[in-house]
Amino acid sequence: MIELLAAKKAFKENLVFEDASVQLHRGTYYTLTGPNGSGKSTLMKCLLQQEELTEGQMLLNGAPVKSSSRPFRTQVFGINDAIGWLPGVTVGQHLEMMARAATEINEALGTDPENLYSPREALEELGVPQAYDRQPYTLSSGQEQRSRLASLLVRPARYYFLDEPEKRLDSAGVQWITEWVDWRVTDLGDMVCIATHDPLLNEIAGTVNLRFPLNQEESRA
């Protein structure tokens, strides 16, 4: 379980959020919703340890989280605009490096290696096999986003945080995300949390909707 306790984030005098507390359980799908500019993306960065909380605490299975700790690095993964591509490499080269680390992570998690995709298989699944030999900047915005989503098939985790993964996708791409969520949560028992404005992603059966700021009651689909 991941817990956020009385979390606050501010940039100098600019308060982004405060008194944010939530428990995130494996085997559950969460959506994080709220107005533009309310701080959802900043919260997701904090959950991925890309930003430090100003106050409060984040726990993973009862222990304080550090981005450098092995439990966090093996169990938590995500996608947002702050996670970029390695410079000067193709999409395939980027994913191959991720795949090499994924083997060790998979062993640490004790999960079935049959659930891992190779980079080529992942890009094929997302409908962008041509991206393997191309640098990200040569792709359309939709192709690049699908290539980012391919990392979800290459890199295993227990807890996934995705910030508006539907951006730049067509309806088929959004549908793919719903199917991936069902696989990870229902079949494999993982936790997925998505910050989104998309109605389809908020209507998946069993969705627990967390309304931002996180001092409001949650609702279930």
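The values are calculated or read from the model by the stated rules, or taken from the named source; none is laboratory data. Here the structure is a predicted model, which is why all the values come from computation and not from measurement. Neighbour counts are summed over all protein chains in view; Cβ atoms, including those assigned to glycine, are modelled from backbone coordinates with ideal geometry.
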Suppose we keep only residues that are hydroxyl-bearing (Ser, Thr, Tyr) and loosely packed, with under 15 Cβ neighbours inside 10 Å within segment 131-164. Which one would you say is farthest from residue 26 (Cα to Cα)?
138
Answer yes or no: is there a residue in segment 99-115 that is assigned to a strand (DSSP E or B) and in contact (Cβ under 8 Å) with a residue 60 or more places away in the chain.
no
Take the residues in segment 165-186 that are β-branched (Val, Ile, Thr) and over 12 Å from the mean Cα position of the chain (by Cα); name whichever of them is surrounded by the most Cβ atoms within 10 Å (Cβ to Cβ).
185
Does segment 12-30 contain any residue that is free of Cβ contacts under 8 Å to residues at least 40 places away in the same chain and part of a loop (DSSP other than H, G, I, E, B)?
yes
Subset of segment 13-41, residues buried (at least 18 other Cβ atoms within 10 Å of the Cβ) and at pLDDT below 90, comes to 34, 39
Would you please name the residue that is modelled with the highest pLDDT, looking only at residues in segment 172-221 that are over 17 Å from residue 35 (Cβ atoms) and basic (Lys, Arg)?
184
Among the residues of segment 84-98 satisfying the criterion of being of a type in the set (A, V, I, L, M, F, W, C) and without any contact (Cβ under 8 Å) to a residue 12 or more places away in the chain, which is farthest from residue 139 (Cα to Cα)?
97
Just a yes or no: is a residue in segment 67-76 touching a Lys or Arg at 6+ places or on another chain (Cβ under 6 Å), modelled with pLDDT of 95 or more and exposed (fewer than 15 other Cβ atoms within 10 Å of the Cβ)?
no
